[in-house]
Structures are given as structure tokens and as C-alpha cells.
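The values are calculated or read from the model by the stated rules, or taken from the named source; none is laboratory data. Not measured: the values here are computed from a predicted model. Cβ sites come from the backbone with ideal geometry, for glycine too, and all protein chains shown count toward neighbours. SASA here: full protein model, heavy atoms, side chains in, ligands and nucleic acids out. Shrake-Rupley method; radii C 1.70, N 1.55, O 1.52, S 1.80 Å.
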Amino acid sequence: MNNQVVYFALAGVLRLLLMNSDYQSVIADRVEVSTALNSWKRVTEGVHLHSIGVDPYSGDLFHETPLGLIVFGFIQKHFSRYALWILFIMTDLTTALFLGITASYYIKESIARDKEEKACRNSKSQNSEEKSSSITSPSSSSIFYVSAAYLFNPYVVINCIGLTTTVFTNFLISVTLLSMIKRSVWLFCFNIALLTLQGLYPVCLIVPAVIYTIKNSKVNETHQEVVKILGIFFTFVITLFAISYYIMGSFSFVKSTLGFILFVPDLRPNIGLYWYFFTEMFEHFRSLFIASFQINVGLLFIVPLALRLRKDPMLLAFSYLAIDAIFKSYPCIGDVGFYLSLLPMWRHLFRHMQQGFIVGCFILFCTVFAPTVWHQWIYSRSANANFYFGVTLAFAIAQIFLLTDILFANVKREFALRHGVPNQVNGSKAKLLLE
């Protein structure tokens with residue numbers, strides 16, 4: 001416990017020192033960190049416009065929700081610069097703590113699920129080594145691994161130093177995951193509704209939340225539970241829209257929030273795939289490909305993954321978060337850092353993964369090359385947009401490899417648990433390959 005306090009304190013001091021350095025302004029202006037949706041500069045300007053009676057949604061500047069407008073307005077009015085830094089740091093540290101607690105609950109459930117499956121299938125003891133070593137024991141180390149992955153993840157640290165609103169989004173997602181695994185229906189419905197109003201794509205988290213809630217329900221009560229959860233969720237969504245309408249006096253904010261995400265009018269470079277594609281495309285094809293891109297990230301994978309991962313809703317939620325971070329219209333490294341921090345929850349799958357080294361090298365190289373190529377393109381004029389888009393495309397491919405490798409590793413392990421694949425063949429350690 002004392003070690004964990006030291007790590008949390010060290011992470012907080014690291015963030016505070018970097019915020020108080022000359023690097024803060026440089027990081028905050030990076031296109032990989034700040035986007036049109038999470039830039040604190042845009043928040044500051046939007047709040048100022050609202051304070052002088054100008055509709056912040058009348059232009060193409062402010063894209064936070066009216067609820068965010070009120071909250072951030074209160075923060076900017078009552079918080080000094082150092083108090084603002086402390087708020088961002090404490091939010092980040094609390095997110096790490098919630099993720100650690102979620103990991104602890106998840107590992108306990110994983111062990112119980114494996115024991116239940118072992119009893120149901122009356123497995124032999126020939127693969128007991130695989131079964132006993134593949135799942136991490138629930139302990140304080142479970143909290144440490146996930147928490148540390150978030151506290152010291154460079155993407156998360158830079159995201160916090162850049163003072164992006166993604167810090168608060170990650171906090172809400174961490175609360176959602178924790179309330180999901182604890183079956184707190186009202187809390188996760190409220191958080192998902194809030195995230196949906198703010199970023200649209202997190203609406204898919206309602207699927208693993210529903211699965212978690214109905215897992216232990218009786219068959220005749222399942223439909224009632226689903227209807228109840230969806231009813232609560234849509235009630236929160238409608239209520240939040242009504243409150244937003246009351247704040248602004250109109251629905252003008254919809255075009256600048258959800259509409260901005262859906263129709264992608266801002267094509268400034270980021271780590272996503274939209275900006276280059278739609279810059280180069282003929283305008284009369286735009287609607288078709290906008291629909292194609294949004295269906296890919298919002299609808300295409302929801303049902304197949306839900307059917308395949310229905311026994312493991314947390315892995316399902318992780319998959320949705322990863323897909324959103326890869327294919328959303330305005331991604332940032334804060335989104336990537338968040339789902340990467342969840343990876344230690346599946347340490348028992350690492351032994352079945354095959355692409356770890358390749359993915360690690362890809363992510364490392366892209367992280368180094370992105371600012372380098374950006375400098376060559378914007379400042380040195382010795383490169384062009386193709387170079388930077390090539391780096392972002394490679395970064396997306398690396399993330400896709402990582403996600404598919406995790407999912408395939410899960411399939412391999414399930415096969416090993418069901419069929420008793422031994423750890424050794426002819427006296428040598430065996431490795432299960434999925435062709």
C-alpha cells in the first residue's frame with residue numbers, strides 16, 4: 001500500500017513539474033495531443049464568448065457540450081492556474097485508481113469464470129499448469145499493474161500536461177467501467193449518456209454494460225432487465241439534451257458537437273485517418289465515404305464482437321474503446337493511452353500473443369517519427385502531407401495488429417482451457433498457433 005502511494009505521488013509530481021516547464025505550451029499545441037474537440041484553448045475561448053453573450057456555437061470554434069460549457073466556465077472563473085493544474089492531475093490520478101480497482105474486480109471474476117468452466121467441462125488435470133498460471137491472482141499487484149500503466153504511460157502523461165479535456169473523458173470512462181463491473185445500473189447509464197452527448201462513440205459501451213447486468217439474471221427476467229437498462233439510459237440522454245437546450249435556448253449546439261463528429265468539417269491534421277482522406281477526395285463522394293467511415297467505427301463491429309465476447313464483457317468494452325480510438329473522426333494520443341493502460345488486465349493472454357514485438361516497434365517508431373515528419377513538413381518544407389499521413393496510417397495499423405492479437409490470444413486460451421492442450425510436447429514447451 002505504501003509503495004502504491006509513492007507511485008501515485010511520483011506520477012503527480014512528474015505531471016506538475018512538466019506543467020510548470022516550457023514544454024507545456026509546446027505539448028499543448030501538438031496536433032497529436034490537442035484536437036478540435038479537446039483543446040483547452042478552444043474551451044477558454046468558448047467560455048469567454050458565452051460570458052459576453054455571444055453564442056459559442058455560432059462559429060467553428062467551440063465543440064464541447066453546453067453542460068461542459070457551464071462546468072468549464074465555473075472552473076476557469078474560480079480556479080487559478082496552479083489550481084487548474086492540480087485539478088487535471090488529481091483527475092488523472094483518480095482515473096488510475098478507478099482503473100486499478102476495476103482490474104482487481106475483473107481478475108476475481110476471471111478466476112471464478114475459469115473455475116466454473118472447469119467444473120462444467122469436468123476437465124482433466126493434464127492442463128492444470130496452463131489453467132493455474134494463465135490468470136493472475138487477485139491481489140494488490142493487480143491494482144498496481146493497471147494503475148502504473150496509466151500513471152506512467154507517456155501518452156497519458158502528455159495528454160494531462162497538454163491540459164486536454166480528454167483527461168475528464170478518460171475519468172468518466174473509468175467510472176463507467178467500474179460501475180459496469182459492479183452492476184451499478186444508474187451510474188453507468190448516466191456516465192454513458194454523458195459520454196454519448198460529449199463524444200457520440202462511447203454509446204457502444206451500453207452493450208457490455210447490459211451484458212454484465214443480465215449475466216446472472218434468470219432467463220424470464222432477461223428481457224425485463226434489458227428494457228429497464230435501455231429505458232434508464234435513454235431517459236438520461238433525453239434529460240441531458242433537455243438541460244442542454246435549457247442552457248442554450250436552442251439546439252444549435254447539436255451541429256457543433258454530435259454533428260461536428262459525424263460530418264468531420266475540420267480537416268486539420270491529427271493522428272486519425274479522416275483528415276487526409278477527405279482532403280484529397282472529390283466533394284461529390286464525400287457523403288458516401290463519411291457514411292462508410294462512421295458505419296465502420298460506430299456500427300460494423302458492435303454485434304459480431306458482442307456475440308463472440310459475450311462471456312467477457314470487459315474485454316468487449318476494451319475492444320470497443322480500442323476501435324473508437326483508432327477509427328474515430330478526431331482521435332488523440334490520450335484516447336490511445338487510455339486503452340493501452342488496460343492491457344495488464346489481460347496479462348494471462350500475453351503468452352499467447354505473437355505480434356507483441358512488431359506492434360511495440362511500430363508504436364515506438366511512429367511516436368518518434370510523427371513530430372519529426374511534422375517538423376519537416378511544416379517548418380523545414382522538406383516533406384509533405386503524405387509523409388505525416390504515412391506515419392498516422394502506420395500507427396493505426398499497429399493498433400489494429402494489437403487489438404486482433406489480443407482477441408486471437410483470447411481464442412487460443414479458450415481453446416486450451418476447453419480441450420486441455422498441454423504446455424509441453426515431446427518434452428519441449430509448446431506454443432498454440434491459430435491458423
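Annotations
- Quarter of the Cα convex hull surface for region 218-284, i.e. its orientation-mean projected area (nm²): 8.2 nm²
- In region 1-66 the Cα-Cα distances spread across 10 Å bins starting at 0 as 19, 31, 27, 17, 6, 0 percent of all pairs.
- Between region 232-290 and region 1-62, the Cα center-to-center distance that results, in Å: 21 Å
- Sulfur and carbon atoms: percent of accessible area, the chain [1.4 Å]: 66 percent
- Binned Cα-Cα distance frequencies in the chain - 20 Å width, integer %: 23, 57, 18, 1
- Sum of -39500 (n - 2.57) over DSSP H runs of 4+, divided by residues of the chain (222 nm, nearest 500): -22500 deg cm²/dmol
- Cβ-Cβ FRET estimate between Ile358 and Phe301, R0 fixed at 22 Å, reported to 0.05: 0.45
- Inter-label distance, Lys255 to Lys115: 5.9 nm, where each label sits 7 Å from its Cα along the C-beta direction.
- In this structure, the pairs whose alpha-carbon distance is over 24 Å, taken from Lys328/Lys412; Lys215/Lys328; Lys255/Lys328; Lys228/Lys311; Lys108/Lys311; Lys182/Lys215, are Lys328/Lys412; Lys215/Lys328.
- Ranked by how many other beta carbons lie within 10 Å on average, peptides 389-401, 31-43, 234-246 from highest: 31-43, 389-401, 234-246
- Average accessible surface for the chain: 48 Å² per residue, computed with a 1.4 Å probe over protein heavy atoms with every protein chain in place.
- For Ile52 and Thr404, a Förster radius of 45 Å and the Cβ-Cβ distance give a FRET efficiency of 0.35, rounded to the nearest 0.05.
- Computed lengthening from Gln24 to Ala383, 0.36 nm per intervening residue step minus Cα-Cα distance: 126.6 nm
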